[in-house]
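Have a look at the structure below, then the notes.
The values are calculated or read from the model by the stated rules, or taken from the named source; none is laboratory data. Model, not experiment: these values are computed from the prediction. Every residue, glycine among them, receives a Cβ derived from its backbone with ideal geometry; neighbour counts consider all protein chains shown. With ligands, DNA and RNA removed, areas are computed over all heavy atoms of the protein, side chains included. Shrake-Rupley method; radii C 1.70, N 1.55, O 1.52, S 1.80 Å.
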Amino acid sequence: MPRWNGGGNMETIRIKYFSEEIERLRYIDGKSDWIDLRASERVELKKGDFALIPLGVAMQLPKGYEAHIVPRSSAFKNYGILQTNSCGIIDNTYCGDQDMWRMPVYATRDAVIEKNERICQFRIVEHQPQILFEECVRLGNEDRGGFGSTGKQ
């Protein structure tokens, strides 16, 4: 279902489901504009395993957009998995009939992820505009104090 993006425009995304058994994608109203993705099959992992968890969908994103896939906040607590590339980027050209989205994970402990369990989430983001880098000797701004300088609070 298309959704109003706040700017008056609505984007339509064509989606192919690889299984009738996984829940269809939807917004969770009032909670977030990220959309949960689910494992489309049962995955058993042993500590130290790498796996590409099938998410059961392929999409044709609008031209000029990409999808950012990240773990749900509970993924590590519940399963001990880490997404190996920290943030997965799917560009709008990854849209073939067999281009199923997957989540690359590393298991820090034995885990079983059942079919239909929510393990990651995505949002679509407009491509970065063209950038021209202008070289300079000084930026002329006040220093913040170095990387990681905002403190622990």
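A few points about this structure:
- Among the residues of the range 70-81, not one is assigned to a helix (DSSP H, G or I), within 13 Å of the chain's Cα centre (by Cα) and among the charged types (D, E, K, R).
- For the range 85-153, the strands (runs of 3 or more DSSP E) that sit wholly inside it and include 3 or more residues that are within 30 Å of Gly64 (Cβ to Cβ), of a type in the set (Val, Ile, Thr) and in contact with a strand residue (DSSP E or B) (Cβ under 9 Å, 6 or more places away or on another chain) are 118-126.
- Filtered residue count, the range 62-102, keeping only those that are within 28 Å of Gly48 (Cα to Cα) and of a type in the set (Ser, Thr, Tyr): 5
- Among residues of the range 82-120, those that are under 17 Å from the mean Cα position of the chain (by Cα) and either free of Cβ contacts under 8 Å to residues at least 60 places away in the same chain or open to solvent by 50 Å² or more (accessible area, probe 1.4 Å) (or both), counted: 20
- Subset of the range 121-148 (residues that are of a type in the set (Asp, Glu) and within 28 Å of the chain's Cα centre (by Cα)): Glu126
- All of Leu25, Leu45 fail the test of being farther than 18 Å from Glu126 by Cα, at pLDDT 95 or above and of a type outside the set (Val, Ile, Thr), apart from Leu45.
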